[in-house]
Amino acid sequence: MSAPITLEELDQMADVMRLEGTASEGHWAAYAGRSLALPDWFDTTLDPHSGEYRAQQHRLWQAVSGRDSAYDPLQHEQTPEIGGFDSFRFPGFYARRDPGAVDSAGDHLVALGNMVKLSGLRPGDAAIEYGAGFGQIALTLARLGVEVDTVDINPMFNDVIRAHANFYCVKLRAFQGNFGDNPRPGSRYDAVLFYESFHHCADPAALTGKLRDLIAPNGVVLLAGEPIGDAVVPYPWGLRLDAEALAVIRWRGWLELGFREDYLVSLFIAAGFVWTKFPCALTYYGEVNAFRPRPNRIDLASYGIPAAERLGWHLPERDGRWTTGPAQLPLDTGGQHTHIQVVVANHLGQAIDCTLACGESHIALRLASPDHLLVTIPCPPGTPMLDIVAEPVQTASSVDGRLLGIFVRSFEYLILDAEAAADIMTIVQL
């Protein structure tokens, strides 16, 4: 097993990356495959949603970057060398001439194609891209008739995008700003795009909340090229500890974050989105996570559930999903709903007892076989989960040997005043 990287090695690592790159046959071989050992003061038990957790991650950034000042994207997220690039002939990856240049270009082109296709955009629609860099995705969409705004903290990148917009005579506008800024206050976008940029956001929870106010009702937020996965970081979110990320942070001062998938997805669900993941067989860069504003009624057959809660569920079926025992559904914590309405079913050939809970609200029910019930339960503002508990059983219906709890078809967010809530029947036979 490789020895952990120490803080004392970071200056030399940054020099090797800056002068030689990360070719496996050079001096970088001494660092490849290694990761940083967390300092003794680092507390892994902090709540990832807390200000204390964010402060600790920023302290870790200071230690890795070697900077005493607080992180400031305007100061630390700059790329001054792009002023010498020919941005028309050689934007971004086109400037590379190392042995891996063509293969790397393929990664990025696959990702660009996937984002363009999955955006669902049509000529005349509006899109915004954050951290657009040279703006190749934004420019492609603009040349196809989409009206595109970009937001980047780097004024040089913004100048490049403006030059391209003028050259191609397209509706592409570049703005200097931060993640989540709306350059045209009050406007809504049909697509919000992040490519290799979301992981530079210092407060991802705050950003997801802003995105809900930016997106059109039928729009989509797309993330691609982002470091997402349990192997990326040893905590829900924070500084990546692999050698390349560490060297970049030390050299440039950039914020290089990573996310566990269940944490990131939970942020978006709490902000009022539903999630779909589009894997890519060719390259990690082409994997796209799509987040759409949630409808009032959500079908379990197509509802993306984060990994932490997925353990309570079997794989989705055509018209719903079985629980495996105690199960949870993450909820929109910022919505204005007052109640949750759930459609549950029993196909097991015997009666099933089940309990639904939202915060302090609990409803116990018994389902005969077969049975379909519509259950309405109060859901106090900010409630993060709908809990569903049914003792799993194995019957003759369980032909594949699974232990099955209760079958959930859908759930719906309701807004009921006191009078309407008093009139509604809590449990209705379907």
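General observations
- Restricted to segment 356-430, the set of strands (runs of 3 or more DSSP E) holding at least 3 residues that are surrounded by 13 or more Cβ atoms within 10 Å (Cβ to Cβ) comprises 361-367, 371-378, 385-390, 407-414.
- If you go through segment 23-79 and pick out every residue that is under 23 Å from the mean Cα position of the chain (by Cα) and closer than 17 Å to TRP237 by Cα, you end up with 18.
- For segment 41-87, the tally of residues that are exposed (fewer than 12 other Cβ atoms within 10 Å of the Cβ) and of a type in the set (Phe, Trp, Tyr) stands at 1.
- Flag for ILE215 being more than 20 Å from THR150 (Cα to Cα) and among the hydrophobic types (A, V, I, L, M, F, W, C): no
- Whichever residue in segment 278-295 is assigned to a helix (DSSP H, G or I) and of a type in the set (Phe, Trp, Tyr) and, among such residues, is nearest to ASP213 (Cα to Cα): TYR285
- The set of residues in segment 247-273 being under 19 Å from LEU214 (Cβ atoms) and over 10 Å from the mean Cα position of the chain (by Cα) consists of ALA270, ALA271, GLY272, PHE273.
- When LEU109, LEU118 are checked against the criterion of being surrounded by 16 or more Cβ atoms within 10 Å (Cβ to Cβ), of a type in the set (A, V, I, L, M, F, W, C) and assigned by TED's automatic domain parsing to the domain that holds ILE153, LEU118 stands alone in meeting it.
- Residue list for segment 333-355, filter: crowded, with 23+ Cβ neighbours inside 10 Å and in a loop (DSSP other than H, G, I, E, B): LEU348
- Test: residue in segment 20-33 that is touching a helix residue (DSSP H, G or I) at 6+ places or on another chain (Cβ under 8 Å) and at pLDDT 95 or above: no
- Screening GLU261 on (1) in contact with a strand residue (DSSP E or B) (Cβ under 9 Å, 6 or more places away or on another chain); (2) under 23 Å from SER24 (Cβ atoms) shows it passes everything except condition (2).
- Residue ID - surrounded by the fewest Cβ atoms within 10 Å (Cβ to Cβ), chosen from residues in segment 122-140 that are hydrophobic (A, V, I, L, M, F, W, C) and part of a loop (DSSP other than H, G, I, E, B): PHE134
- Answer from ASP125, ASP86 - the residue that is among the charged types (D, E, K, R) and within 30 Å of SER24 (Cβ to Cβ): ASP86
- Taken over segment 193-208, residues that are buried (at least 17 other Cβ atoms within 10 Å of the Cβ) and either of a type in the set (Ser, Thr, Tyr) or touching a Gly at 6+ places or on another chain (Cβ under 7 Å) (or both) amount to 7.
The values are calculated or read from the model by the stated rules, or taken from the named source; none is laboratory data. Small disclaimer: the values here were computed from a predicted structure and weren't measured. Every residue, glycine among them, receives a Cβ derived from its backbone with ideal geometry; neighbour counts consider all protein chains shown.
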